[in-house]
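Everything below concerns the one structure shown next.
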Amino acid sequence: MQQKVDFLIIGSGIAGLSYALKVADHGSVFIVTKSNEDESNTKYAQGGIAAVWHDKDSIEKHIQDTLIAGGGLCDEEAVRVVVTEGTERVRELIELGANFDKKKDGDYDLAKEGGHSEHRILHHKDITGYEIERALLTRVRKHKNITILDHHYSIDIITQHHLGEEVTSQSKDVKCFGAYILDTKTQKIETVLSKITMMATGGAGHVYATTTNPVIATGDGIAMVYRAKGRVKDMEFVQFHPTSLYNPGEHPSFLITEAIRGFGAVLKTLDGKEFMHKYDERLSLAPRDIVARAIDNELKTRGEDFVYLDCRHIDRKGFIEHFPNIYEKCMKLGVDPFIKMIPVVPAMHYLCGGIQVNKEGQSTIHNLFAVGECACTGLHGANRLASNSLLEAVVFAHRAAKTGIDTLSSLTFQEGIPNWDAEGTENAEEMILITQSQREVQQIMSNYVGIVRSELRLKRAFDRLEIIYKENEALYEQTTVTQKLCELRNLICIGYLIIKHAIQRKESVGLHYMVHYKEHVK
Ligand code: FAD
Ligand code: SIN
């Protein structure tokens, strides 16, 4: 069966949901999402959303902080757009029902994170993303034009390729006509035709062995667009969060928000000594790439598995009020943060690169937009400033919605699109092959394409990944399509893109640190 919808949105995090609310008065909307409707990176965001909020702060300061963190590689226009329009978009989130913490005097309680020169992070305790997701979903559920299809997995977008035309990476006129969607409860593949498709599939944390991202983060949208011959950029810039909780066996890793360091917590080695003064004058609140690399260096030179975050000197009441979720988690593991230091270690956290989009969120494929973590707007450059990603998602969702609404009436549904072709794929999936290959991909990426890289390591990663790629393509050709098989295929694609872009960049800059290359000078 073929379904038709004006706006097809793939993903139900902050990007997909806020876009849906903006376009829904102008046409029919499907939100396709592969797990429960609220499962997303958004749901786990802790620190908050950055925005210029008081007179001491200024648009220019936030812009400069973003540019500095980005290592000279940000698209300055994108930075200006996000920061300038951001405050208004955050106000809209508040109007939609998102609650951010206030101080006793009624002003917002603004936190500070690494790389920010001012307190400017609006937050809801240490579960900001959960609160934003709750507020957006409440509104989305009430809108009569929006249908949420949970447990529906987008396999591939539909282009002229599916009409039998040749599409290559040189093709200038690729058009998106919708997507093939797997209902993971019935295992049926549906053809959804759309006038406008929005990719809002989030990050790709699970291409590494340790990540703060939930299991949905397998880079599907980026891989779908790459396969469809859309442009993808800046994939070498993988952000490792310096402080995920060191708790071997726990996957994904639990995040210890950077806002705790903004609240006074200090990084120390196992012997209780501070070390950040050796790396940056901003100490524990230096931008993330610097802190993660400093920790990585301490671990490697000292032969230790983790460092400590010392909160013992912090006011107990204030800490528990601001970070109740983290406090509860630590206590459950027997770490009372006022008695013991919290063991932490870097983990893959955020992908700065992604689907190349313009200032309206349009990809290089016609009628296909991308917003949120799967998109690359140029805001982050070589390293994302903390709490800028939720902001980027709402600003670009707004812009993409405006463009989508303006063009909708000129668009029609494509005729003659065939249904999914399952010929020759009768074999049942062999889970052992899939899970083992996924582990291998994650090990390759963590061992050779992590915080510190070298040409030799990248070459080795490329060669190893190629073997897994060939094996998996052969498996994919013969096997009935499942979510797990597609996710593995996408993770291999993401790994390939990260390595390829890393090999192409002959300098050390931001999150791409090569042992033998000089640091990039602006
Ligand atoms: P997501 O919120 O990840 O949503 C993606 C959606 O796409 C999900 O619904 C997923 O199920 C769906 N999906 C994916 N693939 C498919 C498919 N093939 N078919 C159908 N559906 C699919 N940023 C900040 O600015 N501030 C913070 O404080 C902050 N803290 C963070 C803490 C943690 C632990 C993590 C993991 C991230 C944090 N980030 C933070 C980053 C930020 O949360 C994300 O970048 C942002 O939420 C991404 O939003 P999104 O809508 O693009 O993607
Ligand atoms: C954090 O709370 O430390 C995460 C913030 C972010 O990733 O932007």
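What follows draws every value from the coordinates through simple rules; no lab data is involved. Note that the structure is predicted; figures quoted are calculated from it, not measured. Here Cβ is always computed from backbone atoms with ideal geometry, including for glycine, and neighbour counts include all displayed protein chains.
For region 20-89, the orientation-averaged shadow of the C-alpha convex hull comes to 7.2 nm² (one quarter of the hull surface). Cα to Cα, under 16 Å, and not fewer than 8 places away if on the same chain: which lysines meet these conditions relative to Lys61? Cα-Cα hits under 16 Å: Lys112.
Computed from the C-beta positions of Lys340 and Thr435, the FRET efficiency with R₀ = 30 Å rounds to 0.30. Each label was represented as a point 7 Å from its Cα along the Cα-to-Cβ direction; for Lys144 and Glu423 these points are 4.5 nm apart. Using 0.36 nm per residue and subtracting the Cα-Cα separation, the extra length available between His251 and Lys104 on full extension is 49.1 nm. Helix hunt in the chain: which complete DSSP H runs extend at least 24 Å axially by C-alpha with mean Kyte-Doolittle at least -1.0? Correct list, ordered by number: 76-96, 389-408, 431-448, 455-478, 483-504. Compute the Cα gyration tensor for region 62-185, then decide on rounded, prolate or oblate, letting a ≥ b ≥ c be the square roots of its eigenvalues: rounded whenever a/c is under 1.5, prolate when a/b is larger than b/c in the other cases, and oblate in all that remain. Because a/c hits 1.5 or more and a/b fails to exceed b/c, region 62-185 counts as oblate. Based on Cα atoms of region 454-522, Rg over Rh with Rh as the Kirkwood radius reads 1.13.
Hey, what number do you get for the chain at 222 nm if only DSSP H runs of n ≥ 4 count, each worth -39500 (n - 2.57), divided across all residues, to the nearest 500? Intermediate results must be reported in sequence, preceding the final value.
On the way: 13 runs with 184 residues, N = 522.
Only helices count here, giving -11500 deg cm²/dmol.
What is the projected area of the convex hull of the Cα atoms of the chain, averaged over all directions, in nm²?
23.6
How many lysine pairs are close in region 165-302, with Cα atoms under 22 Å apart and the two 8 or more places apart or on different chains? Close lysine pairs found across region 165-302: 11. Remark: the Asp173-Gln443 segment gains 93.4 nm on full extension, using 0.36 nm per residue and subtracting the alpha carbon distance. Projecting label points 7 angstrom from Cα along Cα→Cβ for Asp315 and Leu96 puts them 3.3 nm apart.
One quarter of the surface of the convex hull around the alpha-carbon atoms of region 1-47 equals 3.9 nm², the direction-averaged projected area.
If we sort 63-74, 7-18, 82-93, 390-401 on the protection proxy, mean other Cβ atoms within 10 Å, highest first, what's the order?
Details: 63-74: 21.4, 7-18: 30.6, 82-93: 19.3, 390-401: 27.2.
So the peptides 63-74, 7-18, 82-93, 390-401, ranked by packing, come out 7-18, 390-401, 63-74, 82-93.
Ranked by how many other Cβ atoms sit within 10 Å of their own Cβ, fewest first, the residues Ile59, Ile494, Ile127 fall in the order Ile59, Ile127, Ile494. Placing +1 on the Cβ of every Lys and Arg and -1 on the Cβ of every Asp and Glu, with no other charges, gives region 45-192 a dipole of roughly 640 debye about its Cα centre.
For the residue pairs Lys103/Lys317; Lys102/Lys332; Lys34/Lys144; Lys4/Lys402; Lys317/Lys340; Lys43/Lys500, alpha carbon separations beyond 23 Å are given by Lys102/Lys332; Lys43/Lys500. With the charge dipole of the chain set up from +1 on Lys and Arg Cβ and -1 on Asp and Glu Cβ about the Cα centre, the Cα lying farthest toward the positive end among the listed residues Thr364, Leu21, Gly97 is that of Gly97. Expressed to the nearest 5 percent, the antiparallel share of DSSP beta bridges inside the chain is 55 percent. Work out the charge dipole of region 347-430 with +1 on the Cβ of Lys and Arg and -1 on the Cβ of Asp and Glu about the Cα centre, then indicate which of Ala400, Phe413, Gly354 is farthest towards its positive end. Selected residue: Ala400. Our summary of shape: the Cα atoms of region 340-424 have principal axis extents of 64, 42, 22 Å, ordered from largest down, in whole angstrom. The length gained by stretching the chain between His277 and Gln2 to full extension, at 0.36 nm per residue less their Cα-Cα distance, is 92.9 nm.
Quick check on the exposure proxy: order Cys352, Cys374, Cys486 from fewest to most C-beta atoms within 10 angstrom.
Cys486, Cys352, Cys374
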